[in-house]
Amino acid sequence: MRQVTDIVRPSVITVEYHAYAGVCAECGTVHKASFPENANGVASYGENLHPFTNNLAERDVRMPKLKQKISGCFRSNGGANSFARIRGFLFTAKKKGRRVLDGLVAAFNGEAANFLYP
């Protein structure tokens with residue numbers, strides 16, 4: 001005896017919202033659109049979908065680990081250390097809500113510590 005079960009292929013529905021802001025030409029008032037209540041973040045997931053992880057430390061390690069898997073390794077310990085320091089600085093700036101480009105300028109001017117910890 002053989003049993004065959006057909007599985008219905010799930011359909012994916014993606015909804016994208018755009019919110020624009022504009023300035024009234026007559027009175028100069030800034031008008032901003034708002035998102036629906038269910039769109040509460042940069043990426044919102046349905047009730048049965050969840051992000052891969054909500055662990056910030058794990059997310060920070062994912063890219064270097066992927067780089068290691070693709071290229072096999074860094075060419076030198078110095079290159080690996082430089083990559084880690086630059087990436088760590090940029091992610092810290094992003095987590096603190098600072099502009100990454102401003103952080104790079106501050107780092108090249110020798111003011112990285114003052115930029116991250118004013």
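Quick notes on this one:
- Some residue of the stretch 91-103 being surrounded by fewer than 14 Cβ atoms within 10 Å (Cβ to Cβ) and in contact (Cβ under 8 Å) with a residue 24 or more places away in the chain: yes
- Residue in the stretch 80-118 that is farthest from Gln68 (Cα to Cα), counting only those that are outside any helix (DSSP H, G or I) and among the charged types (D, E, K, R): Glu111
- Under the condition of being in contact with a Gly (Cβ under 9 Å, 6 or more places away or on another chain) and not in a loop (DSSP other than H, G, I, E, B), the residues counted in the stretch 1-40 number 3.
- Contact map, the stretch 63-76: first residue surrounded by 12 or more Cβ atoms within 10 Å (Cβ to Cβ), second residue of a type outside the set (Asp, Glu), Cβ cut-off under 6 Å, separation 6 or more or different chains; pairs are Phe74/Ala80.
- Here Ala21 passes the criteria (1) of a type outside the set (D, E, K, R); (2) modelled with pLDDT of 80 or more; (3) surrounded by 10 or more Cβ atoms within 10 Å (Cβ to Cβ) except the one numbered (3).
- Scanning the stretch 48-102 for residues that are of a type in the set (Val, Ile, Thr), modelled with pLDDT of 75 or more and over 15 Å from the mean Cα position of the chain (by Cα) yields one hit, Ile86.
The values are calculated or read from the model by the stated rules, or taken from the named source; none is laboratory data. Everything numeric here is computed off the predicted structure, so don't read it as measured data. Cβ coordinates were reconstructed from backbone atoms using ideal geometry, including for glycine residues, and neighbour counts include every protein chain displayed.
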